[in-house]
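Visitor: Sharing a structure below in structure tokens format, with a few things to ask.
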Amino acid sequence: MTKKVENKDAERCLRELLKLEGYKLNEPRSNGENGVDILAERDLEILHIEVTGYKSSGSARARDFYEIFFRTISRLNNGATNCIIALPKQAELGLPQRSKHHCIAWKRIGIAFPELEIWLIDVENKNYMKTGWVEWLNK
């Protein structure tokens, strides 16, 4: 069984890594507070990052993914030019299947939202991997 990762642990890990890379970050939000999870700024780069954890239930993971997708693209309303869905590394196992299941829609989303990325956070090893939205169709 794949290890469950709490939202707060994934966000805390990514915040630590981004600080080490020289990003200035917004303060963590309180539970239930609206707004972007992480707003990271460095030089002229501004990242709008939405973070979620990894649940043991497949249906809960699917719901979380669709919810985080809409939260992420809603940041375009705030002028976002870099929209990032940040998931624990464990999500890497299901993303190829999810992208292929929604193949045509996944491709169209990639075209419609070129600023959309998916990052995978490895909470245990304290690192993350950046990927583009469309890359998942080729895995």
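Visitor: Residues that are touching a residue at least 40 places away in the same chain (Cβ under 8 Å), surrounded by 11 or more Cβ atoms within 10 Å (Cβ to Cβ), under 14 Å from the mean Cα position of the chain (by Cα) and closer than 18 Å to GLU6 by Cα: does the range 92-108 have at least one?
Guide: no
Visitor: Same structure again: Taking the condition of being touching a residue at least 40 places away in the same chain (Cβ under 8 Å), surrounded by 15 or more Cβ atoms within 10 Å (Cβ to Cβ) and assigned to a strand (DSSP E or B), how many residues in the range 123-135 meet it?
Guide: 1
Visitor: Still on this structure: Can you name every residue in the range 37-51 that is buried (at least 22 other Cβ atoms within 10 Å of the Cβ) and assigned to a loop (DSSP other than H, G, I, E, B)?
Guide: ASP37
Visitor: Which residue out of ALA62, ALA10 is modelled with pLDDT under 95 and open to solvent by less than 40 Å² (accessible area, probe 1.4 Å)?
Guide: ALA62
Visitor: Please state which of the following conditions PRO114 fails to meet, knowing it meets all the rest: (1) open to solvent by 50 Å² or more (accessible area, probe 1.4 Å); (2) in contact (Cβ under 8 Å) with a residue 12 or more places away in the chain.
Guide: Of (1) open to solvent by 50 Å² or more (accessible area, probe 1.4 Å); (2) in contact (Cβ under 8 Å) with a residue 12 or more places away in the chain, only one is false for PRO114: (2).
Visitor: Name the residues in the range 74-91 that are open to solvent by 30 Å² or more (accessible area, probe 1.4 Å) and either of a type outside the set (Gly, Ala, Ser) or not in a helix (DSSP H, G or I) (or both), would you?
Guide: Correct list: ARG75, LEU76, ASN77, ASN78, GLY79, THR81, ASN82, LYS89, GLN90.
The values are calculated or read from the model by the stated rules, or taken from the named source; none is laboratory data. Computed from a predicted model, the values in this text were never measured in an experiment. A quick note on method: Cβ atoms are made from the backbone with ideal geometry, for glycine too, and the neighbour counts reach across all protein chains shown. Areas reflect the complete protein model, heavy atoms only, side chains present, ligands, DNA and RNA absent. Shrake-Rupley method; radii C 1.70, N 1.55, O 1.52, S 1.80 Å.
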